[in-house]
Structure formats: structure tokens, C-alpha cells
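*Asks:* The structure under discussion is supplied below as C-alpha cells; questions concerning it will follow.
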Amino acid sequence: MARIVLERFLQEKEQTIPSKTFINSMLRDPSQIPDGVLANQVYQCTVNDCCYGPLVDCIKHAIGHEHEVLLREMLLEKNLSFIAEDQLRAKGYDKTPDFILEVPVAVEGHIIHWIESKASFGDESSHQAYLQDQFWSYWNRFGPGLVIYWYGFIEELDCHRERGILLKDCFPTDIVTLRHSMAQR
């Protein structure tokens, strides 16, 4: 709502449509808004926004980070060698999963090269956006992978297993490693 009101205010004042960048700048820092009353109202709207405000963004980011740390600990506990997202970015990769396994593993009979942690519920809308913006890019660059939706997902969304994107709602317990399969021979 604050965005719409601010857009209209600026449009009337400037007699031109303000850029998205300009509006975003004012939403992030309402002190830039020339009308003090409007600046205060925009500030109150963003602070009290229970869905998209900065406080909610901070909470979502913190929960996401917590689950990435949890996943890292589980990978270490299983003695799986991996490269983390920050290491990949330092090497110049722009789109990266949270972890790339240095030695692929098998989960439920599917080879896994990378793991992405999602501290959310996998609904159809968000999953389709993730497929398009992230997962297929990872698949193209690194091969098949695993997405963990820590808060569950709609079962029908797990329909790309044969193409190389496996969905789970927890860390898999049935990981088969090269070392494990070699020991069975």
C-alpha cells in the first residue's frame, strides 16, 4: 500500500512516472520523501508490514541461514565433502546451490551432485519460480540435485526426479556414497 501511495504522490508532484529504483530507495529510506507526514506513514507501513516488510525479510533470511548451517552440519556429520555457496561465489559463479558435493551420492536411487536448502513450504507458485530461476540453472551447470523444503511441500511437485531434481522435506537418511557401495562388494 505504501508503494502505491508514494508512487501517486511522486507522480502528482513531479508530473512524471517515478522509476522503480527511485521509489525503492524512498521505501528503504523514507527520510528522502519530501513530505514529512507521508514519510512517517510510509515508515510505519514498512515497519508494520507482516508479510513483506524489512523485519519479515530479516526473519526469513535468519531462518534460511539457520537451515543452511544445519544442513552443513549434517553433511559434515556424514563425512561428505562439499563446496559451499560462498566458496563458489568467490570462484566467480553467479547462480549456485547452497552446496555442491565434491563426490556425488545416491539418494533413493538418484544421483545427487548438489543440495539446495529451502526454509519454507514448497507450494506450486514458489516451486515453479524456483525451478525457473534456480533449480534448472543448477541442473544445467552441475547435474542432478536435491532440494530440501524443510517445512514440507506439495507431493505432486516432486515430478522431476527422473530428469534430475529430487525433493525432500528432511535430510535423507538413505544416502549411498561411493565408499559405502565399494565396501559392500
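The values are calculated or read from the model by the stated rules, or taken from the named source; none is laboratory data. What you are looking at is a predicted structure, and each value in this text was computed from that prediction instead of being measured. Every residue, glycine as well, gets a Cβ built from its backbone with ideal geometry; the counts of neighbours run over all protein chains shown. The area values use the complete protein model at the heavy-atom level, side chains included, leaving out ligands, DNA and RNA. Shrake-Rupley method; radii C 1.70, N 1.55, O 1.52, S 1.80 Å.
*Asks:* With contacts defined as alpha carbon pairs under 8 Å and 6 or more residues apart, what's the relative contact order of the chain in percent?
*Replies:* Contact order relative to length: 15 percent.
*Asks:* At 0.36 nm per residue, and after removing the present C-alpha to C-alpha distance, how many nm does the segment from Leu178 to Lys60 gain when stretched out fully?
*Replies:* 38.9 nm
*Asks:* Sticking with this one: For the pair Thr21/Asn48, report the inter-label distance in nm, with labels modelled 7 Å from Cα in the Cβ direction.
*Replies:* Reported label-point gap for Thr21 and Asn48 is 3.3 nm.
*Asks:* Separate question: Using alpha carbons only, what's the Rg to Rh ratio of region 13-64 with Rh from Kirkwood?
*Replies:* Ratio of gyration radius to Kirkwood radius: 1.06.
*Asks:* Separation of region 1-22 and region 134-164 by C-alpha centroid, Å?
*Replies:* Each part's Cα centre sits 39 Å from the other's.
*Asks:* Could I ask something else about it? What number do you get for region 102-185 when its Cα radius of gyration is normalised by 2.2 N^0.38 Å, N = residues?
*Replies:* 1.10
*Asks:* Further, regarding this structure: Using just the Cα positions, wrap region 39-108 in a convex hull and report its mean projected area in square nanometres, one decimal place.
*Replies:* For the Cα atoms of region 39-108, the hull's average projected area reads 7.3 nm².
*Asks:* OK, next. Roll a 1.4 angstrom probe over the protein heavy atoms and tell me the percent of accessible area of the chain that is carbon or sulfur.
*Replies:* Carbon with sulfur: 54 percent of the solvent-accessible area.
*Asks:* Modelling each spin label as a point 7 Å along the Cα-to-Cβ direction, I'd like the Arg28/Leu70 distance in nm, to one decimal.
*Replies:* 3.0 nm
*Asks:* Anything in the chain that counts as a DSSP H helix reaching 27 Å or more along its axis (C-alpha) with Kyte-Doolittle mean of at least -0.5? List them, would you?
*Replies:* Those that clear 27 Å and a mean of -0.5 are 54-77.
*Asks:* On full extension of the chain, what length is gained from Glu102 through Gln128, given 0.36 nm per residue of separation minus the C-alpha to C-alpha distance?
*Replies:* 6.6 nm
*Asks:* Describe numerically, in nm with one decimal, the distance between label points set 7 Å from Cα along Cα→Cβ at Glu12 and at Arg89.
*Replies:* 4.1 nm
*Asks:* Given [x] 21.6, 77; [y] 17.7, 53; [z] 17.0, 63, which label gives Rg and Dmax of the Cα atoms in Å as computed from the coordinates?
*Replies:* Matching the structure shown: [x].
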